[in-house]
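One structure below.
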Amino acid sequence: MNDRERLEDVEHVLHGDKGSGAAKNMGYAVYVTVLLASTYGFTVARAVFATSGPAWIDDHVLTLPTAVIGVGLFVASLALARWAGRTRGPVVPPLPWTDLVASSDVDRARSLRRWWTYAFVGGLVGGAILGAVIGGGVWASGAGSAGWFVGAVPIGAAAGWLLARMWLEGQVAPDTSGTATLARVVRPAAGSLRQLRLDDLRSHGVRSTQMGGGVLAGDLRAVRLEVASPVTRGRRLRLQAAGPRAVVVRRDILGLRRAPGAFWTGAVLVVIGWAGVAWALTDPRVPVALTCLAMAACYLGMGAWAEGLRLLGDNAGTPPMLGLRFRTEAIAHLVVPVALFLMTTVGVSAIGLMAMNNVGVDGAGLSSAGPNGAVPILAVLGWCLLIGTLLAGAQLMAAFRGAPPVMAFLPEYGPPMMIYWYARPLVLASVSGGLIVSHATAGAAASTAAGSGMVTGMLIALVTAIGAMAWGLRSVKTLEEAHRI
């Protein structure tokens, strides 16, 4: 009896004559994805490109800087996929299958093929669908020819396949360099599957089960503990004595020094995100969707710097070690992420203003300058403060969201309610921030009075930022009161 027949016997014992239904499950998942992408994704993409126009696409999308940025983002996505493979890879069979089937003398590539097929089909089809949505949106909006659709589908499929392979290679050899990992992608996947170690399969299986349980229960702390990397740097650094509030700030700085990956991840996200926001402030033709994505990147970047804030929310209800009020300690934990955000955004804006002055650009927002350039500087500082306050409120909402609502555990409303409960701070930061920036830029471009449209937009942003901060502080108070006896 060969390996194929032995695996068929195992499948028959587990699932009977009907089999595992893997092909049926994958087909249904592809069907639902295509249905949603064709109804919602294509409609949104077509609207974005139709409002932008062919001239804007030629001037801003089909350029060398945009191509360089796109390649850089894709390389960063490959690195992220490899990192994800170190924590939870694409090949995660159930623990009994690992102990009883994968550990036998059956060819490991054949015994693990089903789980790799899930990831392979997901990456290939997902990339092709994304390419079809973007290329089809450009074609249907009249901003480009049919070549966009014809070229985007294979490019998207190839990108999805490469991401899936990097994900697998990150699980196979988590300790190798990124260059070596990329070099192994060209080999057949069967060779990589045979190199998967049983200990790694067991650890990934246990981690996947615990992460799934944490997601179903709404226990974000359990999920973060599973994906957190061990601290290997700065172990000799010690927290220096100071006042209660200063110690909280020093603790957050020490945490970033011990986790340089979190610091640089936040820096890259904030730089990319604020570059998009600054671009939207100077050009009213930038699509609103792109501005919302830029705001989402800023939110995620500040979140990478706010680990101390999340830890305080996780430990809500425990006796305070420094004698500070819970709300006071929460505000103290905002000092480091907000300060880093302001320094990064001001620096990026200053570089952008110098570049605009060198090329003689007169944008609608940041570059509406006075004789000495004082207005742009004030506008930059104003927008940095307003967006920083909005994101700080969203971070408070995320760190102190508490337990999920009861409706999240009902069969009828559970998954959508859980997604909404988790994504609410991100939606607030990205959608409201993106709409405010786009509205302010459009108002400045359409206003006859110099600067009146931008001032109106900044007033709206101020009200929104104050509301987000009040909502975040209310979340802190609610969580604190929930733990009182």
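Residues of segment 188-205 include at least one that is farther than 30 Å from Leu410 by Cα, in contact with a helix residue (DSSP H, G or I) (Cβ under 7 Å, 6 or more places away or on another chain) and among the hydroxyl-bearing types (Ser, Thr, Tyr).
Would you confirm whether any residue within segment 200-213 is polar (S, T, N, Q), outside any helix (DSSP H, G or I) and under 30 Å from Trp97 (Cβ atoms)?
Residues of segment 200-213 polar (S, T, N, Q): 203, 208-210.
Filter once more, keeping what is outside any helix (DSSP H, G or I): none.
No.
Within segment 143-164, if we keep just the residues that are closer than 15 Å to Ala45 by Cβ and open to solvent by 50 Å² or more (accessible area, probe 1.4 Å), the residue that is modelled with the lowest pLDDT turns out to be Trp148. Only one entry of Ser145, Ser103 meets the criterion of being within 28 Å of Gln210 (Cβ to Cβ) and over 23 Å from the mean Cα position of the chain (by Cα), and that entry is Ser103. Annotation note: of Gly135, Gly131, Gly89, Gly122, the sole residue that is surrounded by 20 or more Cβ atoms within 10 Å (Cβ to Cβ), modelled with pLDDT of 85 or more and under 28 Å from Gln210 (Cα atoms) is Gly89.
Here is a check on your reading of the model: is Gln171 among the polar types (S, T, N, Q) and either under 14 Å from Pro90 (Cα atoms) or modelled with pLDDT of 90 or more (or both)? Full working, then the answer.
Details: among the polar types (S, T, N, Q): yes; either under 14 Å from Pro90 (Cα atoms) or modelled with pLDDT of 90 or more (or both): yes.
Here the answer is yes, as Gln171 does meet what is asked.
Considering segment 30-46, the residues that are in contact (Cβ under 8 Å) with a residue 24 or more places away in the chain and of a type in the set (A, V, I, L, M) include one that is surrounded by the most Cβ atoms within 10 Å (Cβ to Cβ), namely Ala45. Being at pLDDT 80 or above, of a type in the set (D, E, K, R) and loosely packed, with under 13 Cβ neighbours inside 10 Å is the filter here; which residues of segment 9-29 pass it? Once the filter is applied, which keeps residues that are at pLDDT 80 or above, of a type in the set (D, E, K, R) and loosely packed, with under 13 Cβ neighbours inside 10 Å, segment 9-29 yields Asp9, Lys24. With the requirement that a residue be of a type in the set (Val, Ile, Thr) and open to solvent by less than 10 Å² (accessible area, probe 1.4 Å), what does segment 396-413 give you? Across segment 396-413, there are no qualifying residues.
Of everything in segment 279-295, what is open to solvent by less than 20 Å² (accessible area, probe 1.4 Å), touching a Gly at 6+ places or on another chain (Cβ under 7 Å) and within 23 Å of Ala45 (Cβ to Cβ)? Give them in sequence order.
So in segment 279-295, the residues open to solvent by less than 20 Å² (accessible area, probe 1.4 Å) come out as 280-281, 283, 286-287, 291, 294-295.
Imposing the further condition that a residue be touching a Gly at 6+ places or on another chain (Cβ under 7 Å) reduces the set to 281, 283, 291, 294-295.
Hits for segment 279-295 are Asp283, Thr291, Ala294, Met295.
Every condition in (1) out of contact with any Ser or Thr (no Cβ under 9 Å at 6 or more places or on another chain); (2) without any contact (Cβ under 8 Å) to a residue 60 or more places away in the chain; (3) not basic (Lys, Arg) is met by Ser77 except one, and the failing one is (2).
Counting only residues that are closer than 19 Å to Pro94 by Cβ and touching a strand residue (DSSP E or B) at 6+ places or on another chain (Cβ under 7 Å), give me the helices (runs of 4 or more DSSP H) lying completely in segment 1-57 with at least 2 of them. Let's see the steps before the verdict.
Numbers: elements: 3-15, 22-36, 42-52.
So the answer is none; nothing clears 2.
Looking only at segment 313-324, which residues are in a helix (DSSP H, G or I) and either in contact with a strand residue (DSSP E or B) (Cβ under 6 Å, 6 or more places away or on another chain) or open to solvent by 20 Å² or more (accessible area, probe 1.4 Å) (or both)? It would help to see each step written out before you state the result.
Quick first cut of segment 313-324, residues in a helix (DSSP H, G or I) only: 313-314.
Hit for segment 313-324 is Asp314, nothing else.
Sub-7 Å Cβ pairs linking a first residue in segment 334-348 that is of a type in the set (Ser, Thr, Tyr) to a second residue that is in a helix (DSSP H, G or I) and open to solvent by 30 Å² or more (accessible area, probe 1.4 Å), at least 6 apart or interchain, are Thr344/Val271, ordered by first then second residue. Restricting Gly234, Gly261, Gly243, Gly276 to residues that are open to solvent by less than 70 Å² (accessible area, probe 1.4 Å), at pLDDT below 90 and either touching a strand residue (DSSP E or B) at 6+ places or on another chain (Cβ under 7 Å) or on the phi > 0 side of the Ramachandran plot (or both) narrows the list to Gly234.
Filter segment 239-274 down to residues that are part of a loop (DSSP other than H, G, I, E, B) and without any contact (Cβ under 8 Å) to a residue 12 or more places away in the chain and give me whichever is nearest to Trp83 (Cα to Cα). Even if it seems obvious, please write down each step before you answer.
Taking segment 239-274 as the starting set, the residues that turn out to be part of a loop (DSSP other than H, G, I, E, B) are 239-243, 259.
Add one more test, that the residue is without any contact (Cβ under 8 Å) to a residue 12 or more places away in the chain, and what stays is 240-243.
Working: Gln240: 33, Ala241: 36, Ala242: 37, Gly243: 38 Å.
Ranking the candidates gives Gln240 first.
On the stretch given as segment 58-72, residues that are among the hydrophobic types (A, V, I, L, M, F, W, C) and outside any helix (DSSP H, G or I) total 1. Counting residues in segment 135-147 that are assigned to a helix (DSSP H, G or I), touching a residue at least 40 places away in the same chain (Cβ under 8 Å) and not small (Gly, Ala, Ser) gives one or more.
The values are calculated or read from the model by the stated rules, or taken from the named source; none is laboratory data. If you're wondering where the values come from, they're calculated on a predicted model, not measured in any experiment. Glycine gets a Cβ as well: all are built from the backbone with ideal geometry, and neighbour counts include every protein chain shown. Protein only, heavy atoms only, side chains kept; ligands, DNA and RNA dropped before computing areas. Shrake-Rupley method; radii C 1.70, N 1.55, O 1.52, S 1.80 Å.
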